[in-house]
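*Asks:* One structure is given below, represented as structure tokens, and several questions about it will come after.
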Amino acid sequence: MKNVAVVGSQWGDEGKGKIVDWLSSEADVVVRFQGGHNAGHTLVINGITYKLRLLPSGIVRQNKISIIGNGVVVDPWALLEEIEELKLKGTDVNENNLILSEAATLILPFHREMDEIREDAAGNSKIGTTRRGIGPAYEDKIGRRSIRVMDLKSEKNLDHRLDAILSHHNTIRKGLGKKIYEKEQVIKDLLKIAQEILKYSQPVWKKIDEFKSQGKKILFEGAQGILLDVDHGTYPFVTSSNTVAASAAIGSGCGPNSINYVLGITKAYTTRVGEGPFPTELTNEIGEKLGTKGKEFGTVTSRKRRCGWFDGVLVRQSIKISGIDGIALTKLDVLDELDEIKMCIAYELDGKKIDYLPAVVNDQLRVKPIYKSFEGWKKPTNGIKNFDDLPEKAKIYINSLEKFIEAKISSISTSPERDDTILIINPFSS
Ligand code: GDP
Ligand code: IMO
Ligand code: MG
């Protein structure tokens, strides 16, 4: 029996949603294990677009269980809104197909405000966060003052837990001259939605254990990408969680041996939204072309994504850090019209050639990419479902990329549509 973890191998938005939705035809259970509604995962099914933020990408299929694990930070209002949006599109979300960890940390309104206050005050050194309160909520979790889903069960407990979190936040808010949060009001607001949220709440570790013993196939759905990992990414320009595959075990309550295959979702070029180093960024016409053809606008914030050439050095580094067994190469079709395609195969720093991204942010900003050049195939690949049908020059690019990153290509995506995908190695049965 194989369980698969899907993670982004770049700076997010690699097409995780599309691939998870596609793979979930074979899975029984799909689990989100980190991040929150900073994620924006797009699925296109028969021309209908779904943009999921907190709900796992298996939710649109019948008879699949969706789980939001303990490692996710959950804005309860955002979750209810997303459930309502899906219901309007004809997808039912109920206690039978959605399980929310009782141990998940809640994102509260003061987290979102703190995210905004900090970003606005940081000027040129802002991170460019999604302003959803993700960082402040994770800080409170590690600081042991969070309100968790289970706390909604009792007003008395909520009262006690709020003393801890509000004494921290109100002290900072007073110092900044911001309005103080009154405990009674926060309790009132939370109690209004408590039952709606609690109906999904269960011990996720126990459910996963049951599913495992029933032989069910589990698909773990990562958010963001390895280069946004708080330990391994381009710190401080990262998110506030661990985005590597190991996080799937922690963020859902199963051991690392429950993950049998790690699939890294990898765009055939590179994008980044928000601030921070980006060695292969193209601030020219080609970058614009990639952005327009690839429709590179943020799913969550509608911000324009920065675009650049495929960075083999970075993806190879992500593969090693996250233990990626194979990759799903996405958005190949976006390169269709280019005369020349480049791939970064090393960097130059202070006259020396290096084969990895250095840890110091100032060095990351200074490295100069060394490129290998490929002739463009200048033929449409959109919608191709067999490897053999790809143009020869596209195969040369793909094979060279595969060799360089030192991981197998498991699938290739050629359009946003669910079924426009070439299967090479099935991660559930490889
Ligand atoms: P995620 O955050 O990793 O799930 O990715 P997003 O959904 O934020 O961004 C990926 C975008 O690319 C979405 O608009 C997808 O519909 C789209 N997409 C995914 N795969 C392909 C592909 O192979 N070709 C094209 N043209 N678009 C794709
Ligand atoms: P998906 O799952 C791309 C980026 C933000 C910012 C940094 C920190 O759709 O791939 P945060 O709000 O998390 O504190 O922001 O991380 N970021 C993402 N970029 N895709 C995402 O998610 C992202 N989630 C956060 O733009 O640079
Ligand atoms: Mg996204």
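The values are calculated or read from the model by the stated rules, or taken from the named source; none is laboratory data. Just so it is clear, the structure is predicted and the values come from calculations on it, not from any experiment. We place every Cβ from the backbone using ideal geometry, glycine too, and count neighbours over all the protein chains shown. Remember, those area values only see protein heavy atoms, side chains included, never the ligands or the DNA or RNA. Shrake-Rupley method; radii C 1.70, N 1.55, O 1.52, S 1.80 Å.
*Asks:* Can you find even one residue in the range 367-375 that is within 24 Å of residue 7 (Cα to Cα), more than 16 Å from ligand 2 (Cβ to nearest atom) and of a type outside the set (Asp, Glu)?
*Replies:* no
Residue by residue, here is whether (1) closer than 18 Å to residue 295 by Cβ; (2) at pLDDT below 95 holds:
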| position | (1), (2) |
| --- | --- |
| 16 | yes, no |
| 21 | yes, no |
| 27 | no, no |
| 38 | no, no |
| 41 | yes, no |
| 46 | no, yes |
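Quick grid of which residues meet (1) open to solvent by 40 Å² or more (accessible area, probe 1.4 Å); (2) part of a helix (DSSP H, G or I); (3) not aromatic (Phe, Trp, Tyr):
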{"residue": "302", "(1), (2), (3)": "yes, no, yes"}
{"residue": "327", "(1), (2), (3)": "no, no, yes"}
{"residue": "343", "(1), (2), (3)": "no, no, yes"}
{"residue": "362", "(1), (2), (3)": "yes, yes, yes"}
{"residue": "372", "(1), (2), (3)": "yes, no, yes"}
{"residue": "393", "(1), (2), (3)": "yes, yes, yes"}
{"residue": "397", "(1), (2), (3)": "no, yes, no"}
{"residue": "401", "(1), (2), (3)": "no, yes, yes"}
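*Asks:* Can you go through 287, 298, 291 and tell me which one is modelled with pLDDT under 95, open to solvent by less than 30 Å² (accessible area, probe 1.4 Å), of a type outside the set (Asp, Glu) and over 23 Å from residue 320 (Cβ atoms)?
*Replies:* 298
*Asks:* Among 71, 12, which is the only one that is within 16 Å of ligand 2 (Cβ to nearest atom), touching a Gly at 6+ places or on another chain (Cβ under 8 Å), within 22 Å of residue 254 (Cα to Cα) and in a loop (DSSP other than H, G, I, E, B)?
*Replies:* 71 is the lone residue from the list that is within 16 Å of ligand 2 (Cβ to nearest atom), touching a Gly at 6+ places or on another chain (Cβ under 8 Å), within 22 Å of residue 254 (Cα to Cα) and in a loop (DSSP other than H, G, I, E, B).
*Asks:* Still on this structure: Name the residue, out of 133, 35, 123, 40, that is touching an Asp or Glu at 6+ places or on another chain (Cβ under 6 Å) and either within 16 Å of ligand 3 (Cβ to nearest atom) or over 16 Å from residue 16 (Cβ atoms) (or both).
*Replies:* Within the list 133, 35, 123, 40, the selection yields 133.
*Asks:* Do we find that residue 121 is of a type in the set (Gly, Ala, Ser) and either in contact with a strand residue (DSSP E or B) (Cβ under 8 Å, 6 or more places away or on another chain) or more than 16 Å from ligand 2 (Cβ to nearest atom) (or both) in this structure?
*Replies:* Against the criterion (of a type in the set (Gly, Ala, Ser) and either in contact with a strand residue (DSSP E or B) (Cβ under 8 Å, 6 or more places away or on another chain) or more than 16 Å from ligand 2 (Cβ to nearest atom) (or both)), residue 121 does not qualify.
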